[in-house]
Amino acid sequence: MELGLAHYPLTDDLISAMDIVIIAIPVDNIQSIALKVLDLIKPDALVFDTGSTKHIIARAIAKHPKRGNFLLAHPIARTEYSAPGAAFLGLFNGKMNMICDTDQTRPEILNKAFRIFKKLGLQTLEMNSKSLTFHIYLTSVRLCWAKRFWIWKKTKKIFLPWPVPVLLQLSDWPKVFLIRGPHFYRK
């Protein structure tokens, strides 16, 4: 409210009256909030999130009766700063927007979302939620290792914030990836 982005606290009654609800909160909280929002919205409302990883959210809302009102979206635009204060007019212009599992979103709801994305200047691509989650993870790990390499080049000190090797179980993927250094090995 201090930034002028919200004019009053959001209540269940207000959510029920909304035509569009955008969930822009940390990814760990999206599942529970999405389910509550879907319970409250009117039949023709569009709900989309802006989180990076999608597969867990997709699984959480899969059986909801209003699943067709939800679009899994990830606009990829950022600055070196975070939080709402880092946003500026035109932030999304020309940036990528990944949308997932569009076959589960009602066509009229999807069209409403496409109109919003077009007005924001986003270039929208489709991908399934499992693939997007995996690609976001790989991108994050590569950036993490690139940063570590840069630190090593400058200081000649090894910097690892987690123990290596790390065993990562990716929900219901049939394979497990073992991470050793910057390389990925299938087990």
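Descriptive notes on the structure:
- Cross-link pairs exceeding 18 Å in C-alpha to C-alpha distance, out of 42/66; 42/112; 66/95; 66/130; 36/130, comprise 66/95; 66/130; 36/130.
- Taken over the stretch 12-132, the ratio of Cα radius of gyration to 2.2 N^0.38 Å equals 1.01.
- Built amide H within the under 5 Å cut-off of residue 21, gap 5+: 46, 47, 48
- Projecting label points 7 angstrom from Cα along Cα→Cβ for residue 123 and residue 39 puts them 4.1 nm apart.
- Sparsely packed loop sites in the stretch 53-98 (the chymotrypsin sites (Phe, Trp or Tyr not before Pro) outside DSSP H, G, I, E and B with at most 16 other Cβ atoms within 10 Å) comprise 81, 88.
- Relative contact order [Cα under 8 Å, 6+ residues apart], the stretch 12-132, whole percent: 24
- For residue 122, distant residues with modelled amide H under 5 Å away: 94
- For residue 54, the aspartates and glutamates whose Cα comes closer than 20 Å to its Cα, not counting residues fewer than 8 places off in the same chain, are 28, 39, 101, 103, 126, 172.
A short reminder: the numbers here are calculations on the coordinates, not readings from a lab. Given the structure is predicted, the values throughout are model-derived calculations rather than measurements. No Cβ is skipped: glycine too gets one built from the backbone with ideal geometry, and neighbour counts run over all protein chains shown.
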